[in-house]
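Chemist: I have a structure here, written as structure tokens, and I will follow up with some questions on it.
The values are calculated or read from the model by the stated rules, or taken from the named source; none is laboratory data. What you see is a predicted model, and the numbers here were worked out from it, not measured in a lab. Cβ placement follows ideal geometry from the backbone for every residue including glycine, while neighbour counts extend to all protein chains displayed. In case anyone asks, the SASA skips ligands and DNA or RNA and just uses the protein heavy atoms, side chains included. Shrake-Rupley method; radii C 1.70, N 1.55, O 1.52, S 1.80 Å.
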Amino acid sequence: MADDALWCSHVHSGEERVNDGGVATVSSAEQAKVEKNVGAMLSCFLNIGEHDSKEPLLERERHIAYLRRGLKHLPEGFVSLDASRPWLVYWAVHALEVLEARLTEAEASAIVDFLKHCQNPKGGFGGGPGQYSHLAPTYAAVNALVIIGTKEAYDAINRETLQDYLWTVRTEEGSFVMHEGGEVDIRGVYCAVSVARLTNISTQGLFAGTPHWIMRCQSYEGGFSGAPGMEAHGGYTFCGLAALTLLHAHHLCDTPALLRWAVNRQMRFEGGFQGRTNKLVDGCYSFWQGGLFPIMHTLLAQEDAQNLSGEHWMFNQEALQEYLLVCCQHSRGGLIDKPGKGPDFYHTCYTLSGMSVAQHFITTAIHKKCIVGHASNELIPVHALYNVGVEAAVMASQYFNNLPVPPSRPGSCEEEGKGQS
Amino acid sequence: MGSTAKTEDTPRQAPAEDQDDGQDGSSDGEAWVLYRDRKEWADVTPVPQDDGPNAVVKIAYTDGYSDVYDYLRAVVKKGELSERALYLTEDAINMNAANYTVWQYRRKILKNLASNLEQELNFCREMIEMNPKNYQVWHHRRVIVEWLGDGTKELRLTEIIFSQDAKNYHAWEHRQWALRTFKLFEGELDYVDRLLEEDVRNNSAWNQRHFAITQTTGFTAEVIQREVGYTKAAIAKVADNESPWSYLRGVVQHCEGPLGGVGELGAWCQTLHDDGQRSSHLLTFMLDLMEDQMERQPDERPSLLKRCIEMCESLATEHDKIRREYWRYIERNLSHRFGA
């Protein structure tokens, strides 16, 4: 592959570097530092001897080994995630799924059993055994079980009590607290909507008012914030858009403004995404921002199909993959935020999910691949609304849509008996 | 997610040594005494964590960690809401400030004991300073301040955090909540102004400016004029800075008339362009102005559309190459909407 076929060959000219216009501030100084580190890695990659193919390689086996290790045991330093253990499971299981590393039956069974220990009698999952239920680990546990995809895994989810639990964390206006007595933010909404849709327990009353609450979070910049009034942010924007879409309320969204904000989050020098305006690139936003594009594409196709590309998402899919492959793979396995950082499950999960989005342009009619580097870099496609493999999402929907929606609480209205995916 | 549950890289705090004075006779500097070796806890049977026989993501807890959490589980199980249980939650929080269950249980104890909440605020401030990117510490702060009904310390607290990290999302959310709940908006624009003086690229501060105005005067014609002037000055300082351009769009969207007429933005942008400024943010804004004009004046569409297409082209191939796909789309979309 010739240098000039790669986005990152711009480092030779330096023309994509940020120019601080002679006014250096904390933001521009930090940005310059990152560009220096990223630039050094990109140059080093481009300067490999001429006989090399210059095809960046995904170190698949190394990442798989890293994930498998951690799925069993984690060092002491992980106690800071002791209230996020279903997250650790989901990050690892999803990353392994995307890498096409199969779990053994015993491994899958052990995971299901552990997650059952995190499930509470009154519904929902806690951050570990004996911890109160919380929407984030509930989302993580449900996604992990959906990825495992066995009947044992599906049936581990108590759908009746899960629905009860969602009622207990719903606020009057339709937002959600993360746990009883906990904070309200848009993550809660997304986690609640996602698990309710996936497992087909959603009723109309459960999400009454929710789309309007979400819309209060679309900021003047076009992205969504964690709570009304706050700054547009990648993770929260994903939560807002995915939840709106799952609730069939995307018509409320100012999509052109969102699109403008989202495209501008891709960094012209690094190729990766930042989370907010004038912040630094971070590998995890490959999914939080990158995952917006398939969703927006579907929304735009409903009104503006004739102008949409039939081959590409509206971000630079090649540049993102180059950033991830060249700058975000840790030598001991696992992927990272940016050069100089250590690997963790969270970043490994979301960098790979984002890379998958960048590799696969998929609409109802078209599947066009865009694999940067060696053909072996190809990952499985992910379902952007849930962030589980497409196949896992489809299988789970089939399974749960054949089960009746648990009867809603008295006073709330019944919705359609069938869910959607 | 900066996100749904982004990992924090803050190191774990060792058990604090100055909080169990009078509990077990230990004093500063002395070795940590495990709960199972403390006389005053002899009546309690610790409850080990039930991971089941096939545990995954098994964390290598230290002995001290397991000990504290075994006793915590025991306390929660029997519903003990005592003074000693309060101290125990403090140790548990020091070891893992992200354990929301412990925080929630602590609040239950505080309520039951009718504890001194001013003291709790101090503890919470220390926890915030040690874990400024943790959801639980900020939520706890909010609940305690709500119970006290006194928000006078909150702005100062967030300012301490901003002096380390002027974009801390949790701190901004806390500040917005305090401003709104206790009606403290007086002086907020001055504060934002100071932050923007320090770093004109601080997008959180620009967002806060928008928030403060929305919550107070709203974007009246007068405010719009003032804000357009303010933003132009910021862009004059650094033109290739997305934050003020975005803010400008947020301001002028409250106008009814042609956008290019507000504060003579059309002419002003053209001057920047004539002076050779090619920041993609300037070009994008000019494109917005032309789009607005095409909406309003159908007879000018052919000439404006031609300029728009040229602008998209120069963005796609020269000034904003990374967003080529987007600019191609905008080009097609505009042609479709405004073409013959």
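Chemist: With respect to the numbered conditions (1) more than 13 Å from chain A (Cβ to nearest Cβ); (2) in a helix (DSSP H, G or I), which one is the sole condition not fulfilled by B:GLY257?
Modeler: Every listed condition holds for B:GLY257 apart from (2).
Chemist: Just to be sure I understand, how many residues within the stretch A:327-351 are surrounded by fewer than 24 Cβ atoms within 10 Å (Cβ to Cβ) and either at negative phi or out of contact with any Lys or Arg (no Cβ under 6 Å at 6 or more places or on another chain) (or both)? Before the answer, list the steps.
Modeler: As a first pass, look at the stretch A:327-351 and keep what is surrounded by fewer than 24 Cβ atoms within 10 Å (Cβ to Cβ): A:329-333, A:336, A:338-344.
Filter again for either at negative phi or out of contact with any Lys or Arg (no Cβ under 6 Å at 6 or more places or on another chain) (or both), leaving A:329-332, A:336, A:338-344.
So the count comes out to 12.
Chemist: Another question, if that's okay. Could you check how many residues of the stretch B:211-254 are within 25 Å of A:GLY22 (Cβ to Cβ), touching a Gly at 6+ places or on another chain (Cβ under 7 Å), part of a helix (DSSP H, G or I) and open to solvent by less than 20 Å² (accessible area, probe 1.4 Å)?
Modeler: Summing the residues that are within 25 Å of A:GLY22 (Cβ to Cβ), touching a Gly at 6+ places or on another chain (Cβ under 7 Å), part of a helix (DSSP H, G or I) and open to solvent by less than 20 Å² (accessible area, probe 1.4 Å) in the stretch B:211-254 gives 1.
Chemist: Can I ask one more? Can you tell me which of B:GLU198, B:GLU227, B:GLU242 is more than 9 Å from chain A (Cβ to nearest Cβ) and of a type in the set (Asp, Glu)?
Modeler: B:GLU227
Chemist: State which residue is farthest from A:GLN31 (Cα to Cα) when the search covers only the stretch A:278-306 and only residues that are within 11 Å of another protein chain (Cβ to nearest Cβ) and in contact with a Phe, Trp or Tyr (Cβ under 8 Å, 6 or more places away or on another chain).
Modeler: A:HIS297
Chemist: So A:ASN377 passes all but one of these: (1) open to solvent by less than 20 Å² (accessible area, probe 1.4 Å); (2) under 22 Å from A:ALA243 (Cα atoms); (3) not β-branched (Val, Ile, Thr). Which condition number does it fail?
Modeler: Going through the list (1) open to solvent by less than 20 Å² (accessible area, probe 1.4 Å); (2) under 22 Å from A:ALA243 (Cα atoms); (3) not β-branched (Val, Ile, Thr), A:ASN377 breaks only (2).
Chemist: If you scan the stretch B:152-184, which residues turn out to be open to solvent by 40 Å² or more (accessible area, probe 1.4 Å), within 14 Å of another protein chain (Cβ to nearest Cβ) and outside any helix (DSSP H, G or I)? Steps first, answer last, please.
Modeler: Of all residues in the stretch B:152-184, those open to solvent by 40 Å² or more (accessible area, probe 1.4 Å) come to B:152-153, B:156, B:159-160, B:163-165, B:180-184.
Cutting the leftovers down to within 14 Å of another protein chain (Cβ to nearest Cβ) gives us B:163-165, B:180-181.
Within the stretch B:152-184, just B:ASP165 meets the criteria.
Chemist: Taking the stretch B:185-210 only, how many residues are hydrophobic (A, V, I, L, M, F, W, C) and crowded, with 21+ Cβ neighbours inside 10 Å? Please lay out each step first, then the result.
Modeler: Here is the first cut: in the stretch B:185-210, the ones hydrophobic (A, V, I, L, M, F, W, C) are B:185, B:189, B:192, B:195-196, B:200, B:205-206.
Within this subset, residues satisfying the condition of being crowded, with 21+ Cβ neighbours inside 10 Å are B:192, B:196, B:200, B:205-206.
Of the residues in the stretch B:185-210, 5 are hydrophobic (A, V, I, L, M, F, W, C) and crowded, with 21+ Cβ neighbours inside 10 Å.
Chemist: Return a yes/no flag: does the stretch A:197-213 have any residue that is within 13 Å of another protein chain (Cβ to nearest Cβ) and crowded, with 22+ Cβ neighbours inside 10 Å. Break it down into steps so the answer makes sense when it comes.
Modeler: Filtering the stretch A:197-213 for residues within 13 Å of another protein chain (Cβ to nearest Cβ) gives none.
So far as the stretch A:197-213 goes, no, none of its residues is within 13 Å of another protein chain (Cβ to nearest Cβ) and crowded, with 22+ Cβ neighbours inside 10 Å.
Chemist: Run A:ASN307 past the list (1) crowded, with 19+ Cβ neighbours inside 10 Å; (2) free of Cβ contacts under 8 Å to residues at least 60 places away in the same chain and report the number of the one that doesn't hold.
Modeler: With respect to (1) crowded, with 19+ Cβ neighbours inside 10 Å; (2) free of Cβ contacts under 8 Å to residues at least 60 places away in the same chain, A:ASN307 is out only on (1).
Chemist: For the stretch B:273-290, how many residues meet the condition of being more than 33 Å from the chain's Cα centre (by Cα) and open to solvent by 30 Å² or more (accessible area, probe 1.4 Å)? Give the steps one after another, and end with the answer.
Modeler: Filtering the stretch B:273-290 down to residues more than 33 Å from the chain's Cα centre (by Cα) leaves B:273-276, B:290.
If we keep only those that are open to solvent by 30 Å² or more (accessible area, probe 1.4 Å) as well, we get B:273-276.
Going through the stretch B:273-290 one residue at a time, the tally reaches 4.
Chemist: Could I ask something else about it? Has the stretch A:251-273 got at least one residue that is farther than 20 Å from A:GLY354 by Cα, touching a helix residue (DSSP H, G or I) at 6+ places or on another chain (Cβ under 7 Å) and either within 11 Å of chain B (Cβ to nearest Cβ) or open to solvent by less than 10 Å² (accessible area, probe 1.4 Å) (or both)? Step through it out loud before you land on a result.
Modeler: Here is the first cut: in the stretch A:251-273, the residues farther than 20 Å from A:GLY354 by Cα are A:251-257.
Filter once more, so that each one left must be touching a helix residue (DSSP H, G or I) at 6+ places or on another chain (Cβ under 7 Å): A:252-253, A:255.
If we keep only those that are either within 11 Å of chain B (Cβ to nearest Cβ) or open to solvent by less than 10 Å² (accessible area, probe 1.4 Å) (or both) too, we end up with none.
Checked the stretch A:251-273: no residue is farther than 20 Å from A:GLY354 by Cα, touching a helix residue (DSSP H, G or I) at 6+ places or on another chain (Cβ under 7 Å) and either within 11 Å of chain B (Cβ to nearest Cβ) or open to solvent by less than 10 Å² (accessible area, probe 1.4 Å) (or both).
Chemist: Kindly state which helices (runs of 4 or more DSSP H) lie completely within the stretch A:67-165 and contain at least 2 residues that are surrounded by 23 or more Cβ atoms within 10 Å (Cβ to Cβ). Even if it seems obvious, please write down each step before you answer.
Modeler: Values: elements: A:85-98, A:105-118, A:135-148, A:151-156.
By residue number, A:85-98, A:105-118, A:135-148.
Chemist: Which numbered condition trips up A:ARG60, out of (1) among the basic types (Lys, Arg); (2) more than 14 Å from chain B (Cβ to nearest Cβ); (3) within 30 Å of B:GLN104 (Cα to Cα)?
Modeler: (3)
Chemist: Identify all residues within the stretch A:4-33 that are more than 21 Å from A:PHE273 (Cα to Cα) and either under 28 Å from the mean Cα position of the chain (by Cα) or acidic (Asp, Glu) (or both); write none if there are none.
Modeler: Selection gives A:ASP4 alone.
Chemist: Looking only at the stretch A:363-390, count every residue that is in contact with a helix residue (DSSP H, G or I) (Cβ under 9 Å, 6 or more places away or on another chain) and either without any contact (Cβ under 8 Å) to a residue 60 or more places away in the chain or more than 14 Å from A:ARG197 (Cβ to Cβ) (or both) and tell me the total. Before you say what the answer is, go through the steps one by one.
Modeler: Taking the stretch A:363-390 first, the residues in contact with a helix residue (DSSP H, G or I) (Cβ under 9 Å, 6 or more places away or on another chain) are A:363-364, A:369-373, A:376-389.
If we keep only those that are either without any contact (Cβ under 8 Å) to a residue 60 or more places away in the chain or more than 14 Å from A:ARG197 (Cβ to Cβ) (or both) as well, we get A:363-364, A:369-373, A:376-383, A:389.
Residues flagged as in contact with a helix residue (DSSP H, G or I) (Cβ under 9 Å, 6 or more places away or on another chain) and either without any contact (Cβ under 8 Å) to a residue 60 or more places away in the chain or more than 14 Å from A:ARG197 (Cβ to Cβ) (or both) within the stretch A:363-390 amount to 16.
Chemist: Then there is this: List the number of the failed condition for A:GLU61; all other conditions in (1) open to solvent by 50 Å² or more (accessible area, probe 1.4 Å); (2) in contact with a Phe, Trp or Tyr (Cβ under 9 Å, 6 or more places away or on another chain) hold.
Modeler: (2)
Chemist: Tell me whether the stretch B:101-113 contains one or more residues that are charged (D, E, K, R), in contact with a Leu (Cβ under 7 Å, 6 or more places away or on another chain) and over 19 Å from A:GLY127 (Cα atoms).
Modeler: Within the stretch B:101-113, one or more residues are charged (D, E, K, R), in contact with a Leu (Cβ under 7 Å, 6 or more places away or on another chain) and over 19 Å from A:GLY127 (Cα atoms).
Chemist: Okay, next question. Among (1) over 17 Å from A:ARG265 (Cα atoms); (2) within 14 Å of another protein chain (Cβ to nearest Cβ); (3) small (Gly, Ala, Ser), which single condition is B:GLY266 missing?
Modeler: Of the numbered conditions (1) over 17 Å from A:ARG265 (Cα atoms); (2) within 14 Å of another protein chain (Cβ to nearest Cβ); (3) small (Gly, Ala, Ser), the odd one out for B:GLY266 is (2).
Chemist: Can you pull out every residue in the stretch B:222-254 that is among the hydrophobic types (A, V, I, L, M, F, W, C), closer than 24 Å to B:PHE185 by Cα and touching a residue at least 12 places away in the same chain (Cβ under 8 Å)?
Modeler: Quick first cut of the stretch B:222-254, residues among the hydrophobic types (A, V, I, L, M, F, W, C) only: B:223-224, B:228, B:233-236, B:238-239, B:245, B:248, B:251-252.
Now drop any that are not closer than 24 Å to B:PHE185 by Cα, which leaves B:223-224, B:228, B:233-234, B:248, B:251-252.
If the condition is that a residue be among the hydrophobic types (A, V, I, L, M, F, W, C), closer than 24 Å to B:PHE185 by Cα and touching a residue at least 12 places away in the same chain (Cβ under 8 Å), then B:ILE224, B:VAL228, B:ALA234, B:LEU248, B:VAL251, B:VAL252 are the ones that fit.
Chemist: Here's something else I'd like to know. Looking at the stretch B:305-327, is at least one residue without any contact (Cβ under 8 Å) to a residue 24 or more places away in the chain, within 22 Å of B:ALA234 (Cα to Cα), out of contact with any Phe, Trp or Tyr (no Cβ under 6 Å at 6 or more places or on another chain) and in a helix (DSSP H, G or I)?
Modeler: Checked against the condition, which is being without any contact (Cβ under 8 Å) to a residue 24 or more places away in the chain, within 22 Å of B:ALA234 (Cα to Cα), out of contact with any Phe, Trp or Tyr (no Cβ under 6 Å at 6 or more places or on another chain) and in a helix (DSSP H, G or I), the stretch B:305-327 yields no hits at all.
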